[in-house]
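For reference, the structure discussed in these notes is given below.
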Amino acid sequence: MQVLVLPTRDTAALAVAGFLAQTLRRAPDIVMGLPTGRTMIPVYRALVRLHQSGLADFGAATTFNLDEFIGLRPGHPGSFRAYMHQHLFDHVNLRRRASSFPRSGRRSGSAYDRSIERAGGLDVCLVGIGRNGHVGFNEPASTLVAETHRVRLLPATLRANAFLFGDRPDHVPKFAMSMGIGTILRARAVVLLAMGKGKAEIVRAATAGPVTTRVPASLLQTHPNVVVVLDRDAASALPRTRRSPIRGL
Ligand code: GLP
């Protein structure tokens with residue numbers, strides 16, 4: 001894992017947005033895995049600005065979101081689809097049919113994985129990390145599911161997503177569909193972004209602790225091409241040797 005520490009939230013978000021824009025310029029028909037969460041809002045804001053300056057063209061790109069709640073009516077403002085439209089899709093030139101979200105239903109998880117494969121596989125998968133170590137909605141457990149599947153969300157995750165539902169954890173759907181850890185690990189490159197002191201301990205566990213299904217993000221340590229982008233606060237619990245090579249950090 002390559003760990004990159006930036007001084008602030010904004011510079012960390014900008015680094016990720018810049019990386020994605022550069023990848024889009026090199027390979028316009030890129031297939032991206034995209035997450036939601038508060039961490040990603042400044043990344044998408046920066047990507048929109050890059051798009052407006054002509055530096056990020058989504059015209060040939062394809063996106064697959066990591067997860068989606070089950071049971072919300074189409075267009076529900078708390079859905080991840082609504083989040084993506086609000087923060088990115090409505091402001092860039094991604095084709096209407098080029099974005100997908102996992103749907104519930106029998107065999108729909110494996111159908112989602114097959115459509116990712118048909119698109120050529122994920123070139124880059126951007127992920128956040130939950131305070132409990134979840135990645136996508138792969139919650140800590142004694143075993144993890146490799147393919148896209150239905151998950152029951154843990155109370156901590158309901159709380160973390162309450163901001164989408166008027167700060168009411170009891171209004172957050174209890175079930176969701178999520179890419180499996182295998183789906184994520186098949187991406188050619190993975191970029192993990194975390195910010196803030198509240199993520200410091202779990203970032204340490206995921207990047208410098210043992211590989212365990214109890215910290216699903218730790219499985220990323222087994223991937224050959226992962227970049228972990230952190231702000232200084234999220235990096236504050238890392239052992240010295242895992243700090244950024246950037247001078248002064
Ligand atoms: C949700 C998403 C995850 C994301 C997590 C982090 O649970 N399903 O993909 O990593 O939020 O959220 P935040 O960035 O708000 O801390």
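Which residue, of ALA27, ALA60, ALA46, is touching a helix residue (DSSP H, G or I) at 6+ places or on another chain (Cβ under 6 Å), of a type in the set (A, V, I, L, M) and touching a residue at least 12 places away in the same chain (Cβ under 8 Å)?
ALA46
Restricting attention to region 48-61, does a residue exist that is crowded, with 19+ Cβ neighbours inside 10 Å, within 13 Å of the ligand (Cβ to nearest atom) and on the phi < 0 side of the Ramachandran plot?
There is no residue in region 48-61 that is crowded, with 19+ Cβ neighbours inside 10 Å, within 13 Å of the ligand (Cβ to nearest atom) and on the phi < 0 side of the Ramachandran plot.
Quick one: which of ALA235, ALA217 is open to solvent by less than 40 Å² (accessible area, probe 1.4 Å) and within 13 Å of the ligand (Cβ to nearest atom)?
ALA217
Evaluate the following for ALA98: is it of a type in the set (A, V, I, L, M) and away from the ligand (no atom under 16 Å from the Cβ)?
Criteria met by ALA98.
Among the numbered criteria (1) touching a strand residue (DSSP E or B) at 6+ places or on another chain (Cβ under 7 Å); (2) within 15 Å of the ligand (Cβ to nearest atom), which one does ARG131 miss?
For ARG131, the exception is condition (1).
So which residues in region 1-47 are touching a His at 6+ places or on another chain (Cβ under 9 Å), outside any helix (DSSP H, G or I) and open to solvent by 30 Å² or more (accessible area, probe 1.4 Å)?
Hit for region 1-47 is MET1, nothing else.
Hey, can you tell me all the residues within region 100-127 that are open to solvent by 20 Å² or more (accessible area, probe 1.4 Å) and touching a residue at least 40 places away in the same chain (Cβ under 8 Å)?
Result: ARG103, SER104, SER108, SER115, ALA119, GLY120, ASP123.
Could you please tell me which pairs satisfy a Cβ distance under 7 Å, a separation of 6+ or placement on different chains, a first residue in region 7-23 that is touching a residue at least 12 places away in the same chain (Cβ under 8 Å), and a second residue that is open to solvent by less than 10 Å² (accessible area, probe 1.4 Å) and among the acidic types (Asp, Glu)?
Taking only residues 6 or more apart or on different chains, the pairs are THR8/ASP231; ARG9/ASP231; ALA12/ASP231.
For region 136-164, enumerate the residues that are under 15 Å from ASP67 (Cβ atoms), of a type in the set (Val, Ile, Thr) and surrounded by fewer than 16 Cβ atoms within 10 Å (Cβ to Cβ).
Residues satisfying the conditions do not exist here.
Are any residues in region 192-212 closer than 13 Å to THR39 by Cβ and crowded, with 24+ Cβ neighbours inside 10 Å, and if so, which ones?
Result: LEU192, LEU193, ALA194, MET195, LYS199, VAL203.
The values are calculated or read from the model by the stated rules, or taken from the named source; none is laboratory data. Just so it is clear, the structure is predicted and the values come from calculations on it, not from any experiment. Counting neighbours? That spans all protein chains shown, and the Cβs are built from the backbone with ideal geometry, glycine included. Quick note on the areas: whole protein, heavy atoms, side chains included, nothing else; ligands and nucleic acids left out. Shrake-Rupley method; radii C 1.70, N 1.55, O 1.52, S 1.80 Å.
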